[in-house]
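Structure record follows, encoded as structure tokens.
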Amino acid sequence: MANEVEVKKKKVISVDPATLSAVEKAVEDGVPLVWDRLADQEPQCTFGAKGICCRICFMGPCRIKANKPDSVGVCGANADTIAARNFARMVAAGVAAHSDHGRAVADTLIAVAKDEAPGYEIKDEQKLLQLALDFEIPIDNKSIKEIALAVGEKARAEFGKQEGELLFLKKAPLKRQQIWRETGMAPRGIDREVVELMHRTHMGVDQEMEHIMIGASRTALADGWGGSMIGTEIQDVLFGTPVPVAGDANLGILKTDEVNIIVHGHEPLLSEQIVAAAQDPEMIAYAKSKGAKGINLGGICCTANEILMRHGVAIAGNFLQQELAIVTGAVEAMVVDVQCIMPSLPNVAGHYHTKVITTSPRCKIPGAEHIEFHESDAIPSARRIVKEAIDNYVNRGKNVRIPKEKHTMIAGFSHETINYLLGGMYRASYRPLNDNIINGKIRGIAGVVGCNNPKTPHDEFHIKMVKELIKNDVIVLMTGCGAVALGKAGLLVPEGATKFAGPGLAEVCETVGIPPVLHMGACVDNSRILMAATAVVKEGGLGDDISDLPAAGAAPEWMSEKAIAIGQYFVASGVYTVFSTAFPTLGAPGLTDLLFNKFEKITGGKWDFVVDPVEAARKMIAHIDSKRKALGLDKKKERVLHDMASRRELV
Ligand code: SF4
Ligand code: MSK
């Protein structure tokens, strides 16, 4: 059944040749994949897709009928209330996921400070000191470990804080902080906001969509300027603030003659240790004793982004390629932690020799082996996992076919790195970026983030949208699986500028030596985009708030609740944010109008939904142009031809 559907639909499955070739192998091997299961689900429930199915209490489930838009649930809830509650619960779940990740990182910093986490260390002392400043922790004569303990404890206290605002809100432009306070969106403790939102969306509590969405915004901001930002900043302290690094991406990174280990999920706490264990000469010798030439590590999803940008470890693929890595027949172990891990993996692995190993105390999957990983015991746990993979090498069958495609990509553009790259080590500054936006060489900035979704051809929407943006001189900042899509397509290298960017953007990229699309990390690192936007505001000349910037955000292939949380904190931070694929409020016209139109008056940002990615990019460009106009930057300037020397002076 399913695989016949697959063969018919193959052409629209993906624009990535490696993916298509692995899908072909899955068909031959009789392995059902995510696209087959989607076909089995069709037609999907349109009530759920449009946000107007409610199963919050068991007088229901209730649904609002399309031909009867004034219908209400058993309790009397209308479409807007139902959709707003559903939307808010997606925000709460997304925030919980990111923030629990952030808390685990803070816990690890505390353990490092107490010498209770062998194998981890403080790699970026400068950032630790910056965090101490942000948290108003007196440094005095404290040792680095004492400062780390104080920072870790202060960060962890942000989750359970009962009074006062989150401390990182102060990093935002002053005007933005004022908007949050005036609208009641300034978050208190992160856990408190999630709990309150779950309470408010319980049956019979908050029923006014505007009020629900203020609560949802406050909770989302507790992610972007709270849990996620804590996660990103402390990961930089522990593992190093990323700097540009090259690595290969796509299934072609797997090797026929080495032990292939895939790390998949989100938290780098585990993958950092796996990287160390896989590079250990003793482990490599052990792999050789089993007949392999070495140990080859690859990443999937955001773990891939984390280990590429800090270690140059190759990326095997993005979200929709997790099953396909196993289908190659060449993977000894897929080691997973949390988030975006398909429950289908053990079934796929059942057709081959691959071991699926869960490691987080938060995540077990039926059919997977569980080797629990604790920071206090990190090195032995990681070595045990790597050894299991090596021992499995002898079980690899002959049914191995690895797609040849892979492409080099450059990752690791933290907002600090962008600062140095543009301004230089001694005059680090966003000034050159602002000047090039003001002079029109760079038309604006776009953040394009998020997942893959089998409802859209894999990678296609990301690639089409980004190509349209850079062709029109919009520099693109990317994270997550979208960044991997563009890396595989060859746009995350400096030559991408010459090939795909408009003349102004290409000129700036060629002069500085950067790609037109900057990889800023994993999905938890969208906080880096907020920080980059804030740095541009603070540099001056482009208004006094994020909402003044010629900038826009998008998630063209989103699927996760985290994407909704991210979108909401972008909107609540003043960003015009466009989603494709689907939008979970379309059955509720009042709520959709609130999010797509009226919200702009409240936060300066708003949502939009555009099915076609190129049209979405054009709307983003139109928004950027309207912001340029408001800033008085729409006047045409005479074009001046520069030689190399004068170009250098400009950037
Ligand atoms: Fe139906 Fe109201 Fe219960 Fe939702 S909360 S399931 S609309 S009765
Ligand atoms: S992994 S949340 S599919 S980006 Fe972060 Fe990719 Fe989306 Fe998961």
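Name the single residue that is farthest from Ile147 (Cα to Cα) among those in the range 213-253 being open to solvent by less than 10 Å² (accessible area, probe 1.4 Å) and in a loop (DSSP other than H, G, I, E, B). Selected residue: Asn250. Scanning the range 273-323 for residues that are farther than 15 Å from Arg383 by Cα and open to solvent by 30 Å² or more (accessible area, probe 1.4 Å) returns Lys288, Ser289, Lys290, Gly291, Lys293, Arg310, His311.
What about Glu210, is it within 22 Å of the chain's Cα centre (by Cα) and part of a helix (DSSP H, G or I)?
On the way: within 22 Å of the chain's Cα centre (by Cα): no; part of a helix (DSSP H, G or I): yes.
For Glu210, the condition - within 22 Å of the chain's Cα centre (by Cα) and part of a helix (DSSP H, G or I) - is not met.
Taking the criterion of being assigned to a helix (DSSP H, G or I) and among the aromatic types (Phe, Trp, Tyr), the only residue of the range 360-406 that qualifies is Tyr393.
Among the residues that make up the range 129-142, is at least one of them surrounded by fewer than 15 Cβ atoms within 10 Å (Cβ to Cβ) and of a type in the set (Gly, Ala, Ser)? No, that holds for no residue.
Which one is farthest from Gly540 (Cα to Cα), of the residues in the range 153-196 that are of a type in the set (A, V, I, L, M, F, W, C) and in contact with a Ser or Thr (Cβ under 8 Å, 6 or more places away or on another chain)? That would be Val194. Pull out all pairs, ordered by first then second residue, where Cβ-Cβ is under 8 Å, the residues are six or more apart or on different chains, the first lies in the range 440-460 and is open to solvent by 30 Å² or more (accessible area, probe 1.4 Å), and the second is more than 13 Å from ligand 2 (Cβ to nearest atom) and polar (S, T, N, Q). Close Cβ pairs satisfying both conditions: Arg443/Asn472; Glu460/Ser14. Residues that are open to solvent by 10 Å² or more (accessible area, probe 1.4 Å) and within 16 Å of ligand 2 (Cβ to nearest atom): does the range 48-65 have at least one? Checking the range 48-65: not a single residue is open to solvent by 10 Å² or more (accessible area, probe 1.4 Å) and within 16 Å of ligand 2 (Cβ to nearest atom). Scanning the range 34-47 for residues being within 18 Å of Thr456 (Cβ to Cβ), away from ligand 2 (no atom under 16 Å from the Cβ) and hydrophobic (A, V, I, L, M, F, W, C) gives a total of 1.
Just one of (1) surrounded by fewer than 20 Cβ atoms within 10 Å (Cβ to Cβ); (2) away from ligand 1 (no atom under 12 Å from the Cβ); (3) within 22 Å of Met559 (Cα to Cα) fails for Pro69. It is (3).
When the range 302-338 is limited to residues that are within 20 Å of Asp459 (Cβ to Cβ) and not in a helix (DSSP H, G or I), the one that is farthest from ligand 2 (Cβ to nearest atom) turns out to be Thr328. Restricting attention to the range 14-47 and to residues that are part of a helix (DSSP H, G or I) and of a type in the set (Ser, Thr, Tyr), the residue that is surrounded by the fewest Cβ atoms within 10 Å (Cβ to Cβ) turns out to be Thr46. Any residue at all in the range 342-355 that's in contact (Cβ under 8 Å) with a residue 24 or more places away in the chain, within 14 Å of Val263 (Cα to Cα) and within 16 Å of ligand 2 (Cβ to nearest atom)? Yes: one or more hits.
For the range 594-607, a residue qualifies if it is open to solvent by less than 20 Å² (accessible area, probe 1.4 Å) and of a type outside the set (Gly, Ala, Ser), and the qualifying residues are Leu594, Leu595, Phe599, Thr603, Trp607. Considering (1) surrounded by fewer than 24 Cβ atoms within 10 Å (Cβ to Cβ); (2) more than 16 Å from ligand 2 (Cβ to nearest atom), the lone condition that Val537 does not fulfil carries the number (1). Among the residues of the range 280-301, just one is closer than 20 Å to His264 by Cα and in a helix (DSSP H, G or I), namely Cys301. Just one of (1) more than 16 Å from ligand 2 (Cβ to nearest atom); (2) farther than 23 Å from Ala532 by Cβ; (3) modelled with pLDDT of 95 or more fails for Ala104. It is (1). Residue count for the range 565-624 satisfying the condition of being closer than 25 Å to Gln177 by Cα and small (Gly, Ala, Ser): 7. Test Lys467 against the stated conditions and say whether it is part of a loop (DSSP other than H, G, I, E, B), open to solvent by 30 Å² or more (accessible area, probe 1.4 Å) and closer than 24 Å to Ala563 by Cβ. Judged against the criteria, Lys467 is not a match.
Could you say whether any residue in the range 371-386 is buried (at least 21 other Cβ atoms within 10 Å of the Cβ), touching a strand residue (DSSP E or B) at 6+ places or on another chain (Cβ under 7 Å) and over 30 Å from Leu20 (Cβ atoms)? The answer is yes; a qualifying residue exists.
The values are calculated or read from the model by the stated rules, or taken from the named source; none is laboratory data. Remember, it's a predicted structure, so these values are computed and weren't measured experimentally. Here the Cβ is made from the backbone with ideal geometry for all residues, glycine too, and neighbour counts use every protein chain on show. All accessible areas refer to the heavy atoms of the entire protein, side chains included, with ligands and DNA or RNA removed. Shrake-Rupley method; radii C 1.70, N 1.55, O 1.52, S 1.80 Å.
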